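The values are calculated or read from the model by the stated rules, or taken from the named source; none is laboratory data. Every value quoted in this text rests on a predicted model; they were computed, and no experiment measured them. In this analysis, Cβ positions are derived from the backbone assuming ideal geometry, glycine residues included, and neighbour counts consider all displayed protein chains.
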Amino acid sequence: VLLATAGVLVLLALGLAANHPSRGLDQAIAEGRRAAAPNVSLPSLTTGRIYTLRAFRGRVVVLNLWASWCEPCRAEAPVLERWSRQIAAHGGSVVGVDTFDASSDARSFMRQLHLTYRMLRDPSGVVKASFGVTGFPESFVIDRSGRVAAIARGPVDDAFMRSAVLPLLGA
Amino acid sequence: MRVALALLAVCASLLGPVAPALAAASCPRTTEVAMESKIMCQVCGVPLALANSLEADRERVLISRLVARCDSASQIEAAMVAQYGPSILATPPAHGFAITAWLVPGIAIAAAALGIGGVLLSVRRRRSDAPLPAPVTASEDARLDAALAAYSQWNE
């Protein structure tokens with residue numbers, strides 16, 4: 001009986017730990033460090049081709065988590081589209097990750113807002129778990145060596161992009 | 001042979017108008033309400049029936065579309081898994097770490113049953129092992145008689 005109770009308690013603790021969002025990346029940035037971005041592999045929203053985050057090594061990546069049902073994501077997307085065009089030639093990429101979303105809704109969101117940057121699909125929230133995401137939208141600026149340099153827990157704006165992305169591009 | 005063919009023709013003519021009606025009666029094959037307890041709101045982490053969020057509303061729209069298309073509950077579950085992954089199902093999968101969700105309640109009930117059984121057995125054993133009370137001596141018997149007599153006298 002004691003063993004069974006201990007087992008149940010261990011399982012409860014494991015469950016709680018698994019569901020608690022990780023704040024390791026925020027802590028590293030607060031301490032002035034850059035932690036390695038978790039390497040995730042996700043299919044493209046449009047073609048289904050699998051991309052890994054490691055494949056973007058050498059470029060500055062703005063990894064943006066969004067969903068078509070998220071109103072702030074709708075307001076933020078044009079800013080990301082504009083910056084995606086501006087930074088492409090300087091070695092920067094905006095990568096959208098559509099999360100917890102029906103693919104048809106996501107594609108219609110892309111069409112409505114004329115979004116052209118690369119869109120990946122994360123229907124079950126792999127990136128959400130590994131990056132400690134608690135809401136939508138959230139963006140992670142990843143430097144050329146694959147380390148997280150800045151985080152926006154909420155919609156990005158021009159000021160954030162100027163201060164977090166431009167210095168990494170050397171532009 | 002002719003009689004058999006005639007009978008077949010009669011049966012076909014009788015069932016002909018009924019078949020589409022039967023098919024129509026079986027559609028929809030499930031309801032939005034029934035599906036809401038089987039599907040999770042991924043953002044909220046609760047079944048859709050309890051969820052109140054924009055994401056839950058989008059899931060509801062998709063489910064309504066599938067119900068209207070006359071999909072069965074299992075077809076809708078499969079379609080939702082294809083869209084959102086296995087975590088969309090309210091019932092945990094029976095493999096990987098999630099299997100503990102199925103095993104733990106069974107193990108806990110078995111452990112509780114074993115524990116209660118063990119306690120009952122030990123209580124019964126203790127009772128049967130307890131020494132029998134010593135027989136009443138003659139002096140005790142006399143004292144009891146005297147006390148009872150005094151009691152009945154006092155009551156009168």
- prompt: Say we look at region B:64-88 and pick out the residues that are of a type in the set (Gly, Ala, Ser) and within 12 Å of another protein chain (Cβ to nearest Cβ); which of these is nearest to residue A:123 (Cα to Cα)?
  reply: B:85
field: Residue among B:117, B:85 that alone is of a type outside the set (A, V, I, L, M) and under 27 Å from residue A:128 (Cβ atoms)
entry: B:85
field: Of all residues making up region A:116-125, the number that are out of contact with any strand residue (DSSP E or B) (no Cβ under 7 Å at 6 or more places or on another chain) and either closer than 24 Å to residue B:57 by Cβ or at pLDDT below 95 (or both)
entry: 2
task: Might you check whether a residue that is more than 10 Å from every other protein chain (Cβ to nearest Cβ), of a type in the set (Gly, Ala, Ser) and part of a helix (DSSP H, G or I) occurs anywhere in region B:89-104?
output: yes
message: Contact list please: Cβ distance under 7 Å, first residue in region B:75-96 and within 19 Å of residue B:29 (Cβ to Cβ), second residue at pLDDT 85 or above and among the acidic types (Asp, Glu), pairs at least six apart or on different chains.
response: B:79/B:71; B:89/B:77
- line: Among helices (runs of 4 or more DSSP H) completely within region A:58-132, the ones holding 3 or more residues that are over 25 Å from residue A:23 (Cα atoms), polar (S, T, N, Q) and in contact with a Cys (Cβ under 7 Å, 6 or more places away or on another chain) are none
message: Restricting to region A:133-142, name every residue that is at pLDDT 95 or above and in contact with a Cys (Cβ under 9 Å, 6 or more places away or on another chain).
response: A:137
task: Answer with yes or no whether residue A:43 is surrounded by fewer than 21 Cβ atoms within 10 Å (Cβ to Cβ), at negative phi, within 14 Å of chain B (Cβ to nearest Cβ) and part of a helix (DSSP H, G or I).
output: no
Sole exception among (1) under 30 Å from residue B:101 (Cα atoms); (2) assigned to a loop (DSSP other than H, G, I, E, B); (3) away from chain B (no Cβ under 12 Å); (4) not β-branched (Val, Ile, Thr) for residue A:13, by number: (2)
task: Go through region B:39-70 and give me each residue that's outside any helix (DSSP H, G or I) and either at positive phi or touching a strand residue (DSSP E or B) at 6+ places or on another chain (Cβ under 8 Å) (or both).
output: B:39, B:40, B:41, B:45, B:46, B:47, B:51, B:53, B:70
Among (1) out of contact with any Leu (no Cβ under 9 Å at 6 or more places or on another chain); (2) under 17 Å from residue A:142 (Cα atoms); (3) small (Gly, Ala, Ser); (4) surrounded by 14 or more Cβ atoms within 10 Å (Cβ to Cβ) - the single one residue A:68 does not satisfy: (2)
message: Being within 14 Å of another protein chain (Cβ to nearest Cβ), out of contact with any strand residue (DSSP E or B) (no Cβ under 6 Å at 6 or more places or on another chain), surrounded by 15 or more Cβ atoms within 10 Å (Cβ to Cβ) and at pLDDT 95 or above is true for just one of A:109, A:100. Which residue is that?
response: A:109
- prompt: Does residue B:140 fit the bill of being acidic (Asp, Glu), under 27 Å from the mean Cα position of the chain (by Cα) and outside any loop (DSSP other than H, G, I, E, B)?
  reply: no
task: State which residue is surrounded by the most Cβ atoms within 10 Å (Cβ to Cβ) when the search covers only region B:46-63 and only residues that are more than 8 Å from chain A (Cβ to nearest Cβ) and free of Cβ contacts under 8 Å to residues at least 12 places away in the same chain.
output: B:51
message: Anything in region B:25-38 that is part of a helix (DSSP H, G or I), within 15 Å of residue B:76 (Cβ to Cβ) and either at the interface with another protein chain (Cβ under 8 Å from one of its Cβ atoms) or without any contact (Cβ under 8 Å) to a residue 40 or more places away in the chain (or both)? List them, or say none.
response: B:32, B:33, B:34, B:36
